[in-house]
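S.K.: My questions will all concern the structure given below.
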Amino acid sequence: MKLALLGVGNAGTRIVDRLVEAETATGRDFTAGNVLAFDTSSVAFEQTTALSEEQRVLLGETHPSVTQRTDQTDTSETGATPRPGVGGDPDVGAAVATEELPEIRRTLDQIDDTEVDAAMLVAGLGGGTGSGVGSVLLEELNSIYENPVYVLGVLPATTEPDDRIVTAARAIRTVVPSADAVIPVDNEAWRNGADQIADRYEAINDVIATRIVSLFAIGESPSASLSEIRVDPADLRRTLKVGGLASIGQATLDLDTEPAGWRERLRRLFGLGADTSETATGAATVKRLINRALDSKLTLPCDVSSADRVLLILSGPPSNISRKGFETGRYLLEQETGTVEVLAGDEPLTDATTITATVLLSNVTTVSRIEALQERAVATVDESTATVAGDGHTFEFQDDSATGGQVASNGGAVDHGTPPDSGAANPDDTPDSH
Ligand code: GDP
């Protein structure tokens, strides 16, 4: 599948940079150069290694509320000092993007919509730029692109300040009904006990890059041989067509026991390793691997039985992916997720030294982290309402102006305190393949 990547804010920029790095490392040309990163601060731009200068778009340089205080540390953990760029304020982010829409539109001309199957907007939903600029950009992408627009949105960890939580809770409410599907990545689930979430960014971004490339760059590998059960862009689009929130799980079986670093593991995963094992891996092993993928830490932890549709991809040496294992694994997914809508395919990688099972769960609705996020946002706003009420100011959580003024308009909306009921996100859903 060919995907246009649009990063927004620091998180979006770093993740898109990592995805392009993975594209190069694996030789999977899945963006065909259709990549842009928008930010209001140059901090993350300076950390990029794979994005070209033309792909990095700095916004808000002349806006009075935007500052490039790179001399100050981003203390987003404590919220004690203002952050560079829009200072974490999504209202400022949305205002900057609206003012600079002509420039944004000119830049978007660099993306060739006819060359890609979908666009993916990548942002930290708790960020002023990610949420504010992101909401304006999402609206723009929806109006200019024929293709689906997916959002990969990072959720803040519980250790992050309240304003991040409120911004993310609002962003979820806005983005779910506007995007064709949202793939949240829960920083909390991937924090692994670290006090400073920033210490985990690199590791989390590696996981994101590996999973997104495994799913969306399928069929773009130079070393892929002819597949028996092919997965094509229509399968991915069909799986995500139900809208709402999607989650990705993955498990890998090493056929070669030597330990390896990230790049080496990535190369092996994508069939660029050295040795090939000729031993066919038993059906029971493949089934166990698929089970492990389902039980793995998901990008968004959720009740897997609440998924509407499921897509399974098995990548590895063709001799190791037994047809029987594949079929029993598929049956297992049908049982575990309680859905008959399981699409599955294999990706034969002749030189791979691992077998990987990647599972995409679409339109999951039982998501306790989103509930917790909404609850904390409501509590925060209630508190601030109580504090400022004496001044005659009120701060309504349902006021969506912070995320670009869009109001959740259908069943995909997440009301505060309730999980997303996005079953009706795409009422006109009709199968476009199979
Ligand atoms: P923005 O630039 O104003 O959109 O804000 P940031 O992107 O700096 O932060 C927004 C949210 O994204 C926060 O909740 C951060 O924890 C998270 N975040 C920032 N950078 C990264 C990153 O590189 N990786 C991950 N996983 N999360 C990030």
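S.K.: Return the residues of the stretch 101-113 that are in a helix (DSSP H, G or I), away from the ligand (no atom under 16 Å from the Cβ) and closer than 28 Å to Ser65 by Cα; say none if nothing qualifies.
M.R.: Those that are in a helix (DSSP H, G or I), away from the ligand (no atom under 16 Å from the Cβ) and closer than 28 Å to Ser65 by Cα: Leu101, Pro102, Glu103, Arg105, Arg106, Thr107, Leu108.
S.K.: Does Gly88 meet the test of being under 24 Å from Ile183 (Cα atoms), at pLDDT below 95 and within 16 Å of the ligand (Cβ to nearest atom)?
M.R.: So Gly88 fits the description; yes.
S.K.: Another one. Those residues that are aliphatic (A, V, I, L, M), under 13 Å from Val286 (Cβ atoms) and surrounded by 19 or more Cβ atoms within 10 Å (Cβ to Cβ), I need them from the stretch 314-347; list them, please.
M.R.: Within the stretch 314-347, Leu314, Ile321, Leu333, Ala344 meet the criteria.
S.K.: For the stretch 298-346, which residues satisfy the criterion of being over 21 Å from Arg268 (Cα atoms) and in a loop (DSSP other than H, G, I, E, B)?
M.R.: Once the filter is applied, which keeps residues that are over 21 Å from Arg268 (Cα atoms) and in a loop (DSSP other than H, G, I, E, B), the stretch 298-346 yields Leu298, Thr299, Leu300, Pro301, Cys302, Asp303, Ala307, Asp308, Gly338, Thr339, Val340, Glu341.
S.K.: Tally time: how many residues in the stretch 145-180 are more than 17 Å from the chain's Cα centre (by Cα), within 16 Å of the ligand (Cβ to nearest atom) and not in a helix (DSSP H, G or I)?
M.R.: Residues meeting the conditions: 4.
S.K.: May I pose another question? Please pick out the residue among Ala246, Ala234, Ala224 that is of a type in the set (A, V, I, L, M), modelled with pLDDT under 95 and either surrounded by 23 or more Cβ atoms within 10 Å (Cβ to Cβ) or within 18 Å of Val116 (Cβ to Cβ) (or both).
M.R.: That would be Ala234, the only listed residue that is of a type in the set (A, V, I, L, M), modelled with pLDDT under 95 and either surrounded by 23 or more Cβ atoms within 10 Å (Cβ to Cβ) or within 18 Å of Val116 (Cβ to Cβ) (or both).
S.K.: Yes or no: the stretch 181-199 includes at least one residue that is away from the ligand (no atom under 13 Å from the Cβ) and within 14 Å of the chain's Cα centre (by Cα).
M.R.: Scanning the stretch 181-199, I find at least one residue that is away from the ligand (no atom under 13 Å from the Cβ) and within 14 Å of the chain's Cα centre (by Cα), so the answer is yes.
S.K.: Something else about it: Of all residues in the stretch 114-144, how many are touching a strand residue (DSSP E or B) at 6+ places or on another chain (Cβ under 6 Å), assigned to a helix (DSSP H, G or I) and near the ligand (Cβ under 10 Å from one of its atoms)?
M.R.: So the answer is 4.
The values are calculated or read from the model by the stated rules, or taken from the named source; none is laboratory data. All of these numbers come straight from a predicted model, not from anything done at the bench. Every residue, glycine among them, receives a Cβ derived from its backbone with ideal geometry; neighbour counts consider all protein chains shown.
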